[in-house]
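Have a look at the structure below before the remarks.
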Protein chains: 4
Amino acid sequence: MIRVTIYNEFVHEKEYEEVKKVYPQGIHTCIANFLKEDSDIMVRTATFEEKEHGLSEEVLSDTDVLIFWSHARQDEFSDEVALRVKKHVLRGMGLVALHSAHYSKVMKTLLGTSMTLKWHHGETERLWCVNPTHPIAEGVPEVIELPMEEMYGEFFDIPKPDDVVFAGWFSGGNVFRSGCTFTRGYGKIFYFQPGHEEYPIYYDKNIQKIIKNAVRFVNPVVRKESDLECVGQ
Amino acid sequence: MIRVTIYNEFVHEKEYEEVKKVYPQGIHTCIANFLKEDSDIMVRTATFEEKEHGLSEEVLSDTDVLIFWSHARQDEFSDEVALRVKKHVLRGMGLVALHSAHYSKVMKTLLGTSMTLKWHHGETERLWCVNPTHPIAEGVPEVIELPMEEMYGEFFDIPKPDDVVFAGWFSGGNVFRSGCTFTRGYGKIFYFQPGHEEYPIYYDKNIQKIIKNAVRFVNPVVRKESDLECVGQ
Amino acid sequence: MIRVTIYNEFVHEKEYEEVKKVYPQGIHTCIANFLKEDSDIMVRTATFEEKEHGLSEEVLSDTDVLIFWSHARQDEFSDEVALRVKKHVLRGMGLVALHSAHYSKVMKTLLGTSMTLKWHHGETERLWCVNPTHPIAEGVPEVIELPMEEMYGEFFDIPKPDDVVFAGWFSGGNVFRSGCTFTRGYGKIFYFQPGHEEYPIYYDKNIQKIIKNAVRFVNPVVRKESDLECVGQ
Amino acid sequence: MIRVTIYNEFVHEKEYEEVKKVYPQGIHTCIANFLKEDSDIMVRTATFEEKEHGLSEEVLSDTDVLIFWSHARQDEFSDEVALRVKKHVLRGMGLVALHSAHYSKVMKTLLGTSMTLKWHHGETERLWCVNPTHPIAEGVPEVIELPMEEMYGEFFDIPKPDDVVFAGWFSGGNVFRSGCTFTRGYGKIFYFQPGHEEYPIYYDKNIQKIIKNAVRFVNPVVRKESDLECVGQ
């Protein structure tokens, strides 16, 4: 059983009508619904408004994989909780960071770079699989067309990924490393670009398949119960 | 002084008027001309029609970096010469493989994969730098637009590159790992996709800058005088 | 069900008493015996003496993962069969190459380098896990001591591995990248250094665990029914 | 001209007689002396006791490559200065982190992991080059023996390096990724394990050669004048 916690900021869905229409119960509920189809996955959710953003020590200790979507409140996100998430990733908890979560405190502290990129609303994306032997690509077509998506473009200031699984083509002329894996400590990370809140990206069956594969890929091989220390011997 | 040998098949330029117009003296001469601008580079050329394709043991022993363009005669290329090139790369000779040379015997035997890809004539390419700290990217703009180029598209069946320096965006909807480095033995390899024979790609100042940077990057750090062997000790 | 074929040359075990004592029924039988403990693995074996070395088109088409041990007859191994194995790896068949198989025709044609290294009989090896989040490291202790093993030492002339999972320390003063993954086409490869024929390495429970993990890791994500070709579109 | 700033904590050399004997004027002076042999390198030094540890905005803006040795005062090192160093690395400044600097605030914030390892005083190290084509390995022998060094051992909790150039063998039975490159933003980083303060490591001509090569390798390809930002377009 993989214990998944889905953190979604859940602000845009309440503030903007056009987002509410797409995700009336929030992005987290949409993701929870398709993950629940799989009997080996157990889901709980957390949002910005909850105490400690719903990511208490207790919750994270009981989480194998954290899915993370955030945007409007990234600056207000608690420093302490960001460091707590980092701690659990270094001990082994898997992390699937979606779309604008590239710019979250969690991702910045784990990856160490500025995480900057180019962006533009309202383009067509074609998502190409450039690493078909990767477990995250299992059962995924070689190209997925997203008629409307926010463009994210290079140069994307990330450390060299362990693997680039998907590359995005955007109608306006940009490319992007759209699906990237990283390892930090005992934790595996998958960053996945699609998922602008105004477009129904997370209802796409192929996008759902990728997120399900990612959950299994970042599910820890080993989990440490305390922080690592330098060991004299 | 970097001793560069430019191998160009030199068949299309003689057989097709539209290619002859672009490269009246052959692609090799065009490349030689811009490399000669740099006083630390010494150039010689070789073509398919020459004895041993101009790539004798003597020539390769006297070559630091081999630039390689081929297409129409790849099947007829001598197996022996292909293995000779491989031998020299493993001993340290640098290799810059251009455009359709991905499918040459030399590249196939060095990389070990099928080297297959998708292709289509006559699209616009935008070549994005996704690795701006790489020496091959020095002084190169973040995006280069090639109004007309042959599309090469993923999935490109190559081993995982050491580095992907450039990613190609094509107007028809494809992406490509357009500039990739590999190491084999003591030799460094740069594969660079632009350069279809019907379009004046190698006259572009930015493309020239990339090829000059690549020559310096693959120039051997160390060169062995004989093949490596397993050593009991 | 993972269909595993174990190719073992099976020459040393018949020619040398000291090897026969360790593996009276051959290395392949020892490996088959521990793999059979797992109900999701189906095993068959092949040896050098068999027709086409037991690796006919039919056998390979029916194989998900090929385990490969060879040494004394590597030069006499059929070129045709080596290319056949390569073809199936490029289409997706997994490959686990053990010990001296680094120098087999199969590995040389897939990896493209000389595959040379340093060697010396009769040292103690300590095998360190340097990549504990890798699936091949699951359930494996951080260090495995092999009281007697053949030293394999750097410089090991391989392309940059996708991942180095294990690093070997040898009592005489050498180090080695002892467990390395590679991808070629749709096929995953794991090279694993331990397994000199005079020492009972493959009876070690931790070594067995690593090989079992490797079988699952290289088990194909996708399998192609024919060779890839360049596709005009 | 490469403008190098050598930061050395310079505490052990004043507090311990045995360290003072080895580096009477501090590790920074020893490193400065051998770097000054090269006419393309300009050197200045900085120490913990200086205002802002000698690493003011002005100094870092005027630095191409920062060499960094620290140990006893890593906890007391200014958070603000650590972030300033990070900022300059992301903009392109090169960083050569030596020995115990793996555990500095600067390295932790750039790499994102715990940076933990095993350690033990007083072993023999053999430093093997496992990447002889890397520019940092130019002119360096395949193995360097350090009769007395502090053992640093795996598991070393770092992100996957861009390249592992050197691997350390220690007489007590440990191995270590002793020379690793990373990229963060526009900055290149080389971490190099040798250099315990009680042993005359930085007087070794081969160690000096490696540090000189590293300075040239991390010297920026491009330098940004301000922090990167996400760019809407």
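Values in this text are rule-based calculations from the coordinates and carry no lab data. Please read all numbers here as calculations on a predicted model, not as lab measurements. Glycine also receives a Cβ, built like all others from the backbone with ideal geometry; neighbour counts cover every protein chain displayed.
More than 25 Å from residue D:5 (Cβ to Cβ), without any contact (Cβ under 8 Å) to a residue 24 or more places away in the chain and either more than 8 Å from every other protein chain (Cβ to nearest Cβ) or surrounded by 23 or more Cβ atoms within 10 Å (Cβ to Cβ) (or both): does that describe residue D:145?
Against the criterion (more than 25 Å from residue D:5 (Cβ to Cβ), without any contact (Cβ under 8 Å) to a residue 24 or more places away in the chain and either more than 8 Å from every other protein chain (Cβ to nearest Cβ) or surrounded by 23 or more Cβ atoms within 10 Å (Cβ to Cβ) (or both)), residue D:145 qualifies.
From the list A:7, A:16, which residue is in contact with a Phe, Trp or Tyr (Cβ under 6 Å, 6 or more places away or on another chain) and either surrounded by fewer than 15 Cβ atoms within 10 Å (Cβ to Cβ) or closer than 15 Å to residue A:215 by Cα (or both)?
The conditions single out A:7.
Taking the options A:126, A:84, A:73, name whichever one is among the basic types (Lys, Arg) and in a loop (DSSP other than H, G, I, E, B).
Criteria check complete, one pass: A:73.
Filter segment C:73-92 down to the residues that are more than 14 Å from every other protein chain (Cβ to nearest Cβ) and either more than 23 Å from residue C:218 (Cα to Cα) or of a type in the set (D, E, K, R) (or both) and list them by number.
Residues satisfying the conditions are C:73, C:76, C:77, C:78, C:80, C:84.
Across segment C:157-201, which residue is surrounded by the most Cβ atoms within 10 Å (Cβ to Cβ) among those that are in contact with a Gly (Cβ under 7 Å, 6 or more places away or on another chain), within 14 Å of chain D (Cβ to nearest Cβ) and outside any strand (DSSP E or B)?
Result: C:193.
When segment B:210-227 is examined, which residues are found to be facing chain D (nearest Cβ under 10 Å) and either among the basic types (Lys, Arg) or in a helix (DSSP H, G or I) (or both)?
If the condition is that a residue be facing chain D (nearest Cβ under 10 Å) and either among the basic types (Lys, Arg) or in a helix (DSSP H, G or I) (or both), then B:213, B:217, B:218, B:224 are the ones that fit.
Can you give me the ranges of the helices (runs of 4 or more DSSP H) entirely in segment C:10-61 with at least 2 residues that are without any contact (Cβ under 8 Å) to a residue 12 or more places away in the chain and aliphatic (A, V, I, L, M)?
none
Among the numbered criteria (1) under 20 Å from residue C:109 (Cβ atoms); (2) surrounded by 24 or more Cβ atoms within 10 Å (Cβ to Cβ), which single criterion is violated by residue B:91?
All conditions are met except number (2).
Would you confirm, using the coordinates I've provided, whether residue D:152 is over 14 Å from the mean Cα position of the chain (by Cα), surrounded by 20 or more Cβ atoms within 10 Å (Cβ to Cβ) and farther than 26 Å from residue B:131 by Cβ?
yes
Could you tell me whether residue D:139 is at the interface with another protein chain (Cβ under 9 Å from one of its Cβ atoms) and not aliphatic (A, V, I, L, M)?
Yes.
For segment A:66-93, name all the residues that are within 10 Å of the chain's Cα centre (by Cα) and of a type outside the set (Phe, Trp, Tyr).
The answer is A:66, A:67, A:70.
Just one of A:209, A:224 is in contact (Cβ under 8 Å) with a residue 60 or more places away in the chain, within 26 Å of residue D:110 (Cα to Cα) and surrounded by fewer than 23 Cβ atoms within 10 Å (Cβ to Cβ); which is it?
One residue alone meets the criteria, A:224.
Going through segment B:100-123 one residue at a time, which ones are assigned to a loop (DSSP other than H, G, I, E, B) and within 12 Å of chain C (Cβ to nearest Cβ)?
Matches in segment B:100-123: B:112, B:113, B:114, B:115, B:116, B:117.
With respect to residue D:64, determine if the residue is in contact (Cβ under 8 Å) with a residue 40 or more places away in the chain and either surrounded by 22 or more Cβ atoms within 10 Å (Cβ to Cβ) or among the charged types (D, E, K, R) (or both).
Yes; evaluated as a whole, the condition is true for this residue.
Give the residues of segment A:102-126 that are surrounded by 23 or more Cβ atoms within 10 Å (Cβ to Cβ), in contact (Cβ under 8 Å) with a residue 40 or more places away in the chain and under 16 Å from the mean Cα position of the chain (by Cα), sorted by residue number.
A:102, A:107, A:110, A:111
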